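S.K.: Have a look at this one.
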Amino acid sequence: MAKIPLRDGGPTARIAVIPGDGIGKEVTPEAVKVLRAVTQSARRPLEFVEFDWGAEKYLRDGVTLPDGAVEMLRDEFDAILFGALGDPRVPSNQHAADILLGLRFKLDLYVNARPVELLHDRLTPLRDRTQRDIRLIVFRENTEGLYVGVGGFFKKGTSDEIAVQEDVNSRKGVERIIRYAFEYARQNKLKRLCMSDKSNAMSFAHDLWQRVFKEVRKEYSDVDSRHLYIDTLAMEIVRDPGQFDVIVTCNLFGDIISDLGAQLAGGLGLAPSANIHPGRTSLFEPVHGSAPNIAGKGIANPLGSILTSAMLLDFLGWSREAAILRDGVRATLLKNYLTSDLGGDKRTAEVGDWLADFAAKHSA
């Protein structure tokens, strides 16, 4: 998958680590292990500082994001490596909303980048499709839409209850994510960009997307751009994923279509993502959740977290090290040195150890 280095690639970097809940506490240490191996051997060390923000802290102390946390992350760290949030003991998932959505909004991480790349032909459920056919990236607007929490209840709990959820779209927010997607396509020599909305039903919010898209695309005549309604896009990405290079869409639709894409490429266990504001502290997290049903069993798949770490390295400008991590993941798939969800018999730490060894050898 093509990349845009967003930092200067300096000699060291400070990384905040938030493992979170469930399997996040199992896969994140493996990602850190592999990152240490690939950067130490290349004499480009990272400094890691771990924070215990998650369900345990919330249940113990009533704290989600501590006072001053956002400013500290913004001012003192280059990037954030995130695990997963979600715990059945917190049915409202309040801590997850406060921490993850809070960081996205307060750090203004307006780009949610989700690559969809098939790394081994056997992993896709689509018949007769190969690695050449499934290689695209979804850019999801990450700070607006239905996720901002504007709305409320009227007569809650009664037979007359009304629930209202507002879809918030600003011209600034729409334009900057569309422009980012075009710039990504241009810089990485990707010829096809698709903007997706539901403007035939959402005649105000997505009329804005339509108008901004038509204006911005005039500046990028070198990119073949088109529009599809989100339902049509969902059908087309299953019918022929090879027709897409770059997809850009709103917060809700991006969440959904990127998960669909992840399934076409082998499942959420292989799905990385980045929450980016170019040039600022940004957050990197695997797409999978905390999976409390398998937490603590040592069988969680660390590959999504390690591919996410490769995106973090790209962000830092360390493209060689990022490529080594991706090559390592491909090698584990070829050797079937995998956890059970991908057909292997290895434990989480065994896969992490193998990849750390691979990274050290190939970065020396």
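The values are calculated or read from the model by the stated rules, or taken from the named source; none is laboratory data. Please read all numbers here as calculations on a predicted model, not as lab measurements. Virtual Cβ from ideal backbone geometry, glycine too; neighbours counted across all protein chains shown. Heavy atoms of the whole protein, side chains included, go into the accessibility calculation; ligands, DNA and RNA do not. Shrake-Rupley method; radii C 1.70, N 1.55, O 1.52, S 1.80 Å.
S.K.: If you go through segment 294-313 one residue at a time, how many are in contact with a Gly (Cβ under 9 Å, 6 or more places away or on another chain), open to solvent by 30 Å² or more (accessible area, probe 1.4 Å) and not β-branched (V, I, T)?
M.R.: So the count comes out to 2.
S.K.: Turning to a different aspect of this structure: Just give me the residues in segment 132-148 being part of a strand (DSSP E or B) and either open to solvent by 10 Å² or more (accessible area, probe 1.4 Å) or touching a Pro at 6+ places or on another chain (Cβ under 6 Å) (or both), in sequence order.
M.R.: R135, I137 - these are the residues of segment 132-148 that are part of a strand (DSSP E or B) and either open to solvent by 10 Å² or more (accessible area, probe 1.4 Å) or touching a Pro at 6+ places or on another chain (Cβ under 6 Å) (or both).
S.K.: Right, here's the next one. Here are A360, A322: which of them is assigned to a helix (DSSP H, G or I) and open to solvent by 10 Å² or more (accessible area, probe 1.4 Å)?
M.R.: Sole residue among the options that is assigned to a helix (DSSP H, G or I) and open to solvent by 10 Å² or more (accessible area, probe 1.4 Å): A360.
S.K.: Here's something else I'd like to know. Are any of the residues in segment 111-131 under 22 Å from L100 (Cα atoms), out of contact with any helix residue (DSSP H, G or I) (no Cβ under 8 Å at 6 or more places or on another chain) and not hydroxyl-bearing (S, T, Y)?
M.R.: no
S.K.: Please go through segment 333-357 and give me each residue that is open to solvent by 50 Å² or more (accessible area, probe 1.4 Å), part of a helix (DSSP H, G or I) and touching a helix residue (DSSP H, G or I) at 6+ places or on another chain (Cβ under 9 Å), ordered by number.
M.R.: Residues satisfying the conditions are K335, D341, D353, W354, D357.
S.K.: Next question. Would you say S290 is hydroxyl-bearing (S, T, Y), open to solvent by 30 Å² or more (accessible area, probe 1.4 Å) and either modelled with pLDDT of 95 or more or over 23 Å from L123 (Cα atoms) (or both)?
M.R.: So S290 does not fit the description; no.
S.K.: Can we say T64 is buried (at least 23 other Cβ atoms within 10 Å of the Cβ), among the polar types (S, T, N, Q) and over 30 Å from R186 (Cβ atoms)?
M.R.: No.
S.K.: In addition: Looking at (1) in contact with a strand residue (DSSP E or B) (Cβ under 7 Å, 6 or more places away or on another chain); (2) modelled with pLDDT of 95 or more; (3) surrounded by fewer than 23 Cβ atoms within 10 Å (Cβ to Cβ); (4) not basic (K, R), find the lone condition where M72 falls short.
M.R.: (1)
S.K.: Here is a further query. Of the numbered conditions (1) of a type outside the set (G, A, S); (2) open to solvent by less than 60 Å² (accessible area, probe 1.4 Å); (3) within 20 Å of the chain's Cα centre (by Cα), V90 fails exactly one; give the number of that condition.
M.R.: (3)
S.K.: Mind counting the residues in segment 252-296 that are in contact with a Ser or Thr (Cβ under 8 Å, 6 or more places away or on another chain) and not in a loop (DSSP other than H, G, I, E, B)?
M.R.: 9
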